[in-house]
């Protein structure tokens, strides 16, 4: 139960933000709600052994770097999708591309899959049985190698730094 208390504390802080009142009573109430919410679903929450809620400063910097790269990639992808959509003749070749990944933990795989899905024009469709390949639907899959390189170089290396 001790390992769920820090997560419940995060619930308490989130409750304070949602409620709009930052007081001890509000924090304690949020903490209790967090414990009540976590308890029935504890079998679903299996934290990775190498990921801690309160990370060292180097991990925090890596996570911040990841979010900055994510925002940059979302903006770039929005511009590309806007160019595609505003052309008088849409000349795209949508398709599904197999993208090999280096992430091994559940958190890392979820991070890269969600990062790909958050980027406009792409969506993660499936993962292979051995968890080494993501299947990604792209709005323009005319150059699959460029998509694979973009995922490996622009996204995955930051996910690996931040979450693995």
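Read-outs throughout are calculated quantities, based only on the coordinates presented, and are distinct from any laboratory measurement. Since this is a predicted model, take the numbers as computed values, not measurements. Here the Cβ is made from the backbone with ideal geometry for all residues, glycine too, and neighbour counts use every protein chain on show.
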Note the angle between two axes, namely the Cα long axis of helix 106-118 and the longest principal axis of the Cα atoms of the chain, as a number of degrees from 0 to 90, rounded to the nearest 10. 50 degrees
Helix 5-19: angle to the longest alpha-carbon principal axis of the chain, degrees 0 to 90, nearest 10? 80 degrees
Starting from the exponent 0.38 and prefactor 2.2 Å, build the expected Rg for the range 2-41 from its residue count and divide its actual Cα Rg by it. 1.05
Tail fraction, Cα-Cα pairs, the range 62-163, threshold 21 Å, whole percent: 31 percent
Expressed as an acute angle from 0 to 90° and rounded to the nearest 10, what is the orientation of the C-alpha long axis of helix 24-38 relative to the principal long axis of the chain? 60 degrees
Rounded to the nearest 0.05, what FRET efficiency do residue 29 and residue 64 give with R0 = 35 Å and r taken as the Cβ-Cβ distance? Could you check? 0.70
Candidates 35, 107, 24: whichever shows maximal mean-square fluctuation once the chain is modelled as a Gaussian network with Cα springs under 10 Å: 24
